[in-house]
Amino acid sequence: MYESMKMRVKHVVETGKISEEYNTSDEVCQVFSQWSIDGFTRQNHPTVIQVLLDQNKDKDITGNCLPNLVYVSRQKSKTSPHHFKAGALNVLVRVSAAMTNAPVILTLDCDMYSNDPTTPLRALCYILDPEMQSNLGYVQFPQEYHGLNKSDIYACEHKRLFKVHPVGYDGLCGPNYVGTGCFFRRRALCGGPSTLILPEIDGLCPDSVVNKPLTAPSVLELAHHVAGCNYENQTKWGSKIGFRYGSLVEDYYTGYRMKCEGWRSIFCYPETAAFLGDVPFNLLDVLSQNKRWAIGLLEVAFSRYSTITFGVKSMGLFMGLGYSYYAFWAILTIPITTYCLLPQLALLNELSIFPKVSDPWFLLYMFLFLGAYGQDLLEFVVDGGTIQRWWSDQRMWIMRGLSCHAFGLTEFVVKSIGIPAEGFNVTSKIINDEESKRYEQGVFEFGVPSPLFVTLTMAAIINLLSLIIGLVHFIVDGGSNKEGLVMQLVLTGLIVMNCLPVYQAIALRSDKGKMPTKTTVTATLLASAVYVVASLFLK
């Protein structure tokens with residue numbers, strides 16, 4: 001139904017008229033007349049609301065009532081802010097309030113589908129529990145995916161974010177909202193448990209009762225009105241009511257603000273995945289998504305509602321620090337970049353920055369190094385992960401720190417001082433079938449030039465040169481400094497192993513997914529410049 005509707009709507013918009021083949025009835029003609037308005041574009045169009053299924057009259061082949069199905073396209077105007085996903089969700093909250101005002105709202109990303117029909121019953125067991133009903137805001141299910149390749153090369157599973165950490169948060173005020181697979185109480189979107197903030201129209205109040213059909217003129221008129229792009233002006237939508245504006249990660253920010261208001265949440269983690277979604281098939285999409293997350297999280301971290309100040313005061317120390325861990329996520333680029341460049345540049349100059357193997361302090365370094373990796377591996381495997389996917393996760397941790405986190409932090413700082421900055425999102429031009437095939441084979445997809453690849457490639461080149469030259473120094477003329485270079489050789493070798501897909505894409509591959517030549521040349525020049533400057537500084 002959707003694919004057919006999309007094709008017909010696209011044709012009507014492009015031609016500006018309704019073809020005879022679509023003019024099957026007055027009702028159909030009336031529907032398509034909304035899309036045939038002159039100047040109708042994706043960025044500039046009126047509100048479109050169409051009832052596709054009405055439970056009062058539409059039945060399945062067994063005679064049972066079908067659920068209501070309503071298509072909503074909010075009004076768009078180039079002169080009005082849309083607030084991205086949060087703005088779309090708030091329009092849906094208002095339109096659904098005008099048409100049914102159901103007390104429970106499920107949010108799902110468009111690439112996700114229900115995998116277990118009993119999921120709503122699981123959520124209702126918590127929502128209707130009288131012991132927690134007074135302050136339970138939402139029930140969050142883990143975000144899970146189908147189609148992951150065997151080793152999950154891009155670490156899209158995000159096991160800690162979606163499964164491990166929420167279990168810990170569940171012992172405090174509950175997990176954060178992750179943007180999908182979440183059942184909200186409508187009341188929780190209107191102020192705190194003890195501070196109800198009423199919307200500006202009585203029909204949008206959470207306790208309002210809709211006793212008219214979906215297609216009643218008054219119902220549709222109100223629905224169109226609240227979906228207007230100027231409706232939110234001078235209202236509390238986005239600040240005190242609904243999904244919150246002010247961050248690119250509206251899910252994290254909304255869940256955080258709800259916790260600060262006094263709501264708690266529940267993490268429901270059934271054996272059968274409640275919902276399943278798609279994963280990106282190329283590295284650029286993964287890094288671009290993570291860069292957007294990094295910027296949005298920093299917007300929360302350095303806002304008036306900072307997690308480290310406002311959050312700790314409102315939710316308590318542990319929940320405040322838990323939210324701060326993600327809010328300051330992008331700042332990890334500083335230690336990761338240091339970890340991937342400083343020991344290597346010192347190795348090129350035969351400088352030792354770690355204790356010698358025979359020094360007792362060396363044992364402390366080894367304990368911290370092995371302890372950190374050992375704990376991380378244990379945590380990953382205990383939750384059902386494999387060693388192969390854990391290695392992919394470690395590799396992507398380094399790649400994100402060298403690329404999207406660095407760019408996200410830089411872009412946030414530049415914007416904060418008033419300098420406009422363009423995002424580095426590049427649309428992939430690789431054929432989808434080829435991307436899918438390479439992904440199934442576990443081969444990294446580069447293909448399209450992007451600044452996000454430059455720093456990653458630069459670090460890979462520096463580490464490879466450092467390892468080769470360092471081994472030569474160690475074997476040929478290491479002298480008495482051999483023991484002092486052991487730890488640096490180990491670290492450099494570890495980074496080189498993590499960068500194997502980059503070397504493969506630079507030198508060995510000939511397909512469309514290889515590293516772009518322009519990126520490689522730029523990274524080589526930057527690596528040379530970094531080495532020269534570091535050599536002068538270290539000397």
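The values are calculated or read from the model by the stated rules, or taken from the named source; none is laboratory data. Just so it is clear, the model here is predicted, and its values are computed rather than measured. Cβ sites come from the backbone with ideal geometry, for glycine too, and all protein chains shown count toward neighbours. The protein model used for the area step is the full one, side chains on, heavy atoms only, and it has no ligands, DNA or RNA in it. Shrake-Rupley method; radii C 1.70, N 1.55, O 1.52, S 1.80 Å.
Hey, any hits in the stretch 260-271 for a residue that's surrounded by fewer than 20 Cβ atoms within 10 Å (Cβ to Cβ) and either free of Cβ contacts under 8 Å to residues at least 12 places away in the same chain or not assigned by the TED database to the domain that holds Tyr126 (or both)? The answer is yes, given that some residue of the stretch 260-271 is surrounded by fewer than 20 Cβ atoms within 10 Å (Cβ to Cβ) and either free of Cβ contacts under 8 Å to residues at least 12 places away in the same chain or not assigned by the TED database to the domain that holds Tyr126 (or both). How many residues are open to solvent by 50 Å² or more (accessible area, probe 1.4 Å) and either of a type outside the set (D, E, K, R) or on the phi > 0 side of the Ramachandran plot (or both) if we restrict to the stretch 206-220? Number satisfying all stated conditions: 6. The residues on offer are Ser466, Ser510, Ser528, Ser535, and the sole one that is of a type in the set (Ser, Thr, Tyr) and assigned to a loop (DSSP other than H, G, I, E, B) is Ser510. So, Arg395, is that one touching a Ser or Thr at 6+ places or on another chain (Cβ under 9 Å), modelled with pLDDT of 90 or more and among the charged types (D, E, K, R) or not? For Arg395, the condition - touching a Ser or Thr at 6+ places or on another chain (Cβ under 9 Å), modelled with pLDDT of 90 or more and among the charged types (D, E, K, R) - is not met. Quick check, is Leu494 in a helix (DSSP H, G or I), over 26 Å from the mean Cα position of the chain (by Cα) and either surrounded by fewer than 19 Cβ atoms within 10 Å (Cβ to Cβ) or of a type in the set (Val, Ile, Thr) (or both)? Here the answer is yes, as Leu494 does meet what is asked. In the stretch 376-395, the residues that are farther than 15 Å from Phe162 by Cα and open to solvent by less than 40 Å² (accessible area, probe 1.4 Å) form Cβ pairs under 8 Å with partners that are of a type in the set (Ser, Thr, Tyr) and in a helix (DSSP H, G or I), at six or more places apart or across chains, as follows: Gln394/Tyr373.
Does Thr195 meet the test of being surrounded by 14 or more Cβ atoms within 10 Å (Cβ to Cβ), hydroxyl-bearing (Ser, Thr, Tyr), assigned by the TED database to the domain that holds Lys85 and closer than 28 Å to Val139 by Cβ? In short, no.
Scanning the stretch 61-82 for residues that are farther than 24 Å from Thr47 by Cβ and assigned to a loop (DSSP other than H, G, I, E, B) returns Ile61, Thr62, Gly63, Asn64, Leu66. Criterion applied to Leu52, Leu66 was being over 18 Å from His225 (Cα atoms), in the same structural domain as Cys182 (by the TED database), in contact (Cβ under 8 Å) with a residue 40 or more places away in the chain and over 27 Å from the mean Cα position of the chain (by Cα), and the one residue passing it is Leu52.
If you go through the stretch 128-144 and keep only what is touching a residue at least 12 places away in the same chain (Cβ under 8 Å) and open to solvent by 10 Å² or more (accessible area, probe 1.4 Å), you end up with Met132, Ser134, Asn135, Gln143, Glu144. With a requirement of 2 or more residues that are farther than 25 Å from Val167 by Cβ, the helices (runs of 4 or more DSSP H) lying completely within the stretch 298-365 that satisfy it span 333-348. Within the stretch 449-457, is even one residue open to solvent by less than 40 Å² (accessible area, probe 1.4 Å) and either among the aromatic types (Phe, Trp, Tyr) or more than 32 Å from the chain's Cα centre (by Cα) (or both)? There is at least one residue in the stretch 449-457 that is open to solvent by less than 40 Å² (accessible area, probe 1.4 Å) and either among the aromatic types (Phe, Trp, Tyr) or more than 32 Å from the chain's Cα centre (by Cα) (or both). Of all the residues in the stretch 95-105, those that are crowded, with 18+ Cβ neighbours inside 10 Å, more than 11 Å from Arg187 (Cα to Cα) and out of contact with any Leu (no Cβ under 6 Å at 6 or more places or on another chain) number 2. When Cys29 is tested against the conditions (1) out of contact with any Ser or Thr (no Cβ under 6 Å at 6 or more places or on another chain); (2) under 30 Å from Phe275 (Cα atoms), the lone failure is (2). Each residue in the stretch 215-274 was checked for being aliphatic (A, V, I, L, M), assigned to a loop (DSSP other than H, G, I, E, B) and closer than 19 Å to Phe302 by Cα, and 2 pass.
Looking at Glu131, Glu157, just one residue is over 17 Å from Tyr252 (Cα atoms) and within 16 Å of the chain's Cα centre (by Cα), and that residue is Glu157. Within the stretch 1-17, residues that are within 9 Å of Trp35 (Cα to Cα) reach partners that are open to solvent by 100 Å² or more (accessible area, probe 1.4 Å) with beta carbons closer than 8 Å, at six or more positions or on different chains, in the pairs Gly16/Asp38. Flag set for Leu526, criterion: out of contact with any strand residue (DSSP E or B) (no Cβ under 9 Å at 6 or more places or on another chain) and touching a residue at least 40 places away in the same chain (Cβ under 8 Å). Taking the stretch 163-184 as the range and being under 14 Å from the mean Cα position of the chain (by Cα) and open to solvent by 10 Å² or more (accessible area, probe 1.4 Å) as the test, the residues that pass are Asn176, Val178. Each residue in the stretch 58-82 was checked for being surrounded by 11 or more Cβ atoms within 10 Å (Cβ to Cβ) and either within 18 Å of Glu232 (Cβ to Cβ) or among the basic types (Lys, Arg) (or both), and 10 pass.
For the stretch 274-326, a residue qualifies if it is among the β-branched types (Val, Ile, Thr) and open to solvent by 10 Å² or more (accessible area, probe 1.4 Å), and the qualifying residues are Val279, Ile308, Thr309, Val312. You will find that of Gln289, Gln344, the residue that is in the same structural domain as Met399 (by the TED database) and either polar (S, T, N, Q) or modelled with pLDDT of 95 or more (or both) is Gln344 and no other.
Within the set Gly242, Gly277, Gly246, the sole residue that is at positive phi and at pLDDT below 95 turns out to be Gly246. Only one of the listed residues (Thr180, Thr195, Thr215) is in contact with an Asp or Glu (Cβ under 8 Å, 6 or more places away or on another chain), touching a residue at least 24 places away in the same chain (Cβ under 8 Å) and under 24 Å from Gln55 (Cβ atoms). That residue is Thr215. Whether any residue in the stretch 489-510 is touching a residue at least 60 places away in the same chain (Cβ under 8 Å), in the same structural domain as Leu342 (by the TED database) and over 24 Å from Gln388 (Cα atoms) is what I want to check. For the stretch 489-510, residues touching a residue at least 60 places away in the same chain (Cβ under 8 Å), in the same structural domain as Leu342 (by the TED database) and over 24 Å from Gln388 (Cα atoms): absent.
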